[in-house]
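For reference, the structure discussed in these notes is given below.
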Amino acid sequence: MKTATPELICLACYRDRLASVCENADGYKLFEIRDDKFYPAGLLSLPSKDPMDRTSAILACGVTTFLCGAIRNQTRRSLEAGGITVLPWITGSETQVLRGYLKDSLADLAMPGTGV
Amino acid sequence: MSFPKDLPLEDVFASIADGLFTVDADWNVTYFNEAAGRITGILPIEAVGRKCWDVFRSSLCDGNCAISDCMEREERIVNKSIFIIRSDGSTLPVSISASALRDGDGKVVGGVETFRDLTEIHAARRDAKDIYRFENIVGRSPGLEKIFAILPRISDSEATTLLLGQSGTGKELFARAIHNLSPRRSGPFVAVNCGALPETLLESELFGYKAGAFTDARKDKPGRFELAHGGTIFLDEIGDMPGKLQVKMLRFLQDKFYEPLGGVEPVRADVRVIAATNRNLEQAVADGTFRQDLFYRLNVVTLTLPPLSARQEDLPLLIDHFLGELEASQGKDIRGVSEDALHVLLHHDYPGNVRELENILEYAFILCPGGFIQMEHLPEYLQPEPGAPGRPDPLRGTMNAIKRRAARQAVKRNNGKKMAACRELGITKDTLRRLLATSRKGK
């Protein structure tokens, strides 16, 4: 279970589910995790596909953890270089992923062939 | 020809070298052959029953699905180039074909997609182009070859480098080449456009800030110099850097130290600086808008990149290069540029240099549905004026004359291959033969 201080997480989404490929995401959805609950904290539309620009955008919001589906190594490195924890290779609806994150059970939502 | 009903389909599918999978109407994978497993790195047993986008993870998933497209348009998709992401994070170029699956009543019950690994084909194509290629820079003009000759020595040095050239000449590409050839190649390459950000944002973007430096600065943010530690920073449009930042830049170039916003301790960064501008920096120094001492610090090694108008012989290579890249990224079956469109491209002045050529081809790629890029796919400003001298109007003449001309040009475009010309025009070989025969009589 997630407790401790509030944190801001970001989901790379396509519509109401996690985008199967991070780079295809049509929006980054932000959620604040507080008292074992999640609260919507905004949506970042994605004007630029440059990983550095996207990283700067989420860093500016104070995001600490990034959850996504498949992700290119280059994009992942760019995020991690900015100090963001990347939890990739996850599938599911927004709610499933958020609940999985709260309960530390993201392994149940692993994409096939990834063994998260 | 109908498929024999008593053949064991699974054995047939298992025997083919291409990956093949089927989905039901809810996008669940119902079959995944061995080759699909080999190419994607996912075992068939893991793939079956999962949503196809979780298994295939392609550049088309999330909104541009090929099978969905087939269902809507009632057409097959053949040989579309896309990429997929394997579980190790690497990208793999593949060519896909897709079709909807219907039951006996014509109702859609799912779809089938086959895919072929294009890694070797792409590598072979790259090798062929490497003859006229240096890192990612394409060309064989004398001006460029001179630069290719000295680039490795510039890369080996640690000297600050200034790239000069008109907008669109590929300054960032050269900066990347210098980085990739340098001993710092395993470190990061970080590019910043100094002209794109306002002064305050540029300062925090370059040098970072400390928590409490200003309202909302709740924690430290690393600047691009810190992110480039051990590598290279590329400062584009350095001529547009505001005066206050020029002082900070000068200090960094002198002793490799800088101070983040709100910081009290100077921070050291092991970063090589490559700067670029399309402005006349000497004039800017004379005008008092650019510091003379910074100019001399930057101007250790200077490389002037030639405009595209001075390297016309590189145009065919560049066109081929950009079309290959667009094909790989957008997955359209574009076979090249038609003769008359190529004539226009080869005789344009390109005031916007290579970037303008790239934009023209991207525009044409969007408009061209497939086959060859034609005149009408080029941007309007490249279209010849009606009745302009020296440009034959392809639609002038009788209907028969237009058909004969189209037949001749199609054969020429397909290097004399008549069956390929038939396919392009959608006519039978008898029709083509008749058109060519009357064409010869008409000469």
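Key figures for this structure:
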{"read-out": "Accessible solvent surface per residue of chain B, calculated while the other protein chains remain in place, 1.4 angstrom probe, Å²", "value": "53 Å²"}
{"read-out": "Under 16 Å from A:Lys37, Cα to Cα: aspartates and glutamates that are on another chain or at least 8 residues apart", "value": "A:Glu7, A:Glu94, A:Asp104"}
{"read-out": "Heavy-atom surface of chain A, accessible at 1.4 Å and reported per residue (Å²)", "value": "45 Å²"}
{"read-out": "Calculated FRET value between B:Leu173 and B:Ile45, using beta carbons and R₀ = 51 Å, to 0.05", "value": "0.70"}
{"read-out": "Accessible surface buried upon A-B contact (total; probe 1.4 Å; Å², nearest 100)", "value": "2100 Å²"}
{"read-out": "Beta bridges by DSSP in the protein assembly as shown, antiparallel share as percent, to the nearest 5", "value": "65 percent"}
{"read-out": "Rounded tilt (10° steps) of B:119-130 against the dominant C-alpha axis of chain B", "value": "60 degrees"}
{"read-out": "Accessible-area value, B:Cys52, 1.4 Å probe, nucleic acids and ligands omitted, Å²", "value": "10 Å²"}
{"read-out": "22 Å Cα-Cα threshold exceeded, pairs from A:Lys103/B:Lys219; B:Lys210/B:Lys256; B:Lys80/B:Lys403", "value": "A:Lys103/B:Lys219; B:Lys80/B:Lys403"}
{"read-out": "15 Å beta-carbon shell around B:Lys244, net charge (K/R +1, D/E -1)", "value": "-3"}
{"read-out": "With all protein chains modelled, accessible area of B:Asp88 [1.4 Å, Å²]", "value": "90 Å²"}
{"read-out": "Peptide B:148-155, shielding by other chains (average Cβ, 10 Å cutoff)", "value": "0"}
{"read-out": "Label-point separation, B:Phe148 to B:Ile16 (7 Å along Cα→Cβ), nm", "value": "4.1 nm"}
{"read-out": "Net charge contributed by nearby residues that have their C-beta within less than 11 Å of B:Pro142 (K/R +1, D/E -1)", "value": "0"}
{"read-out": "Segment B:Ala25-B:Arg185, length gained on full extension (0.36 nm per residue, minus Cα span)", "value": "52.8 nm"}
{"read-out": "Peptide-level mean, for B:88-97, of C-beta atoms on other protein chains within 10 Å", "value": "2"}
{"read-out": "Chain B - share of DSSP beta bridges that are antiparallel (%, nearest 5)", "value": "60 percent"}
{"read-out": "B:Arg102/B:Phe257 FRET efficiency (R0 56 Å; Cβ-Cβ; nearest 0.05)", "value": "0.20"}
{"read-out": "Simple Cβ-charge dipole of chain B, Lys/Arg +1 and Asp/Glu -1, about Cα centre, in debye nearest 20", "value": "1720 debye"}
{"read-out": "Shape category assigned to the protein assembly as shown from the gyration tensor of Cα positions, a/c cut at 1.5", "value": "oblate"}
{"read-out": "Within chain B, helix-based [θ] at 222 nm, where runs of 4 or more DSSP H residues each add -39,500 (n - 2.57), nearest 500", "value": "-12000 deg cm²/dmol"}
{"read-out": "Antiparallel DSSP beta bridges within chain A, percent to nearest 5", "value": "70 percent"}
{"read-out": "Positive-end residue, chain B charge dipole about Cα centroid, Cβ charges, pick of B:Tyr350, B:Ile42, B:Gln283", "value": "B:Tyr350"}
{"read-out": "Accessible area of B:Ser15 in the full protein assembly, 1.4 Å probe (Å², nearest 10)", "value": "90 Å²"}
{"read-out": "Helix-only CD estimate at 222 nm, as mean residue ellipticity for chain A, using -39500 (n - 2.57) per DSSP H run (n ≥ 4)", "value": "-7000 deg cm²/dmol"}
{"read-out": "Percent accessible area from carbon and sulfur atoms, the stretch B:131-306, protein chains only, probe 1.4 Å", "value": "49 percent"}
{"read-out": "Formal net charge of residues neighbouring A:Asn73 (Cβ-Cβ distance under 13 Å; K, R +1; D, E -1)", "value": "+1"}
{"read-out": "Probe 1.4 Å, all protein chains present, accessible-area order of A:Leu87, B:Leu435, largest first", "value": "A:Leu87, B:Leu435"}
{"read-out": "Sparse-neighbour loop sites [GluC sites (Glu not before Pro); the stretch B:220-293; at most 10 other C-beta within 10 Å; DSSP]", "value": "none"}
{"read-out": "Residue mean of other protein chain beta carbons inside 10 Å, A:60-73", "value": "3"}
{"read-out": "Scattering profile of chain B at q = 0.07, 0.08, 0.10 Å⁻¹ [log10 I(q)/I(0), Debye over alpha-carbon scatterers]", "value": "-0.54, -0.69, -0.97"}
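The values are calculated or read from the model by the stated rules, or taken from the named source; none is laboratory data. Note that the structure is predicted; figures quoted are calculated from it, not measured. Don't worry about glycine lacking a Cβ; one is built from the backbone with ideal geometry, like all the others, and counts go over all protein chains shown. What goes into the accessible areas is simple: the full protein's heavy atoms, side chains included, and nothing from ligands, DNA or RNA. Shrake-Rupley method; radii C 1.70, N 1.55, O 1.52, S 1.80 Å.
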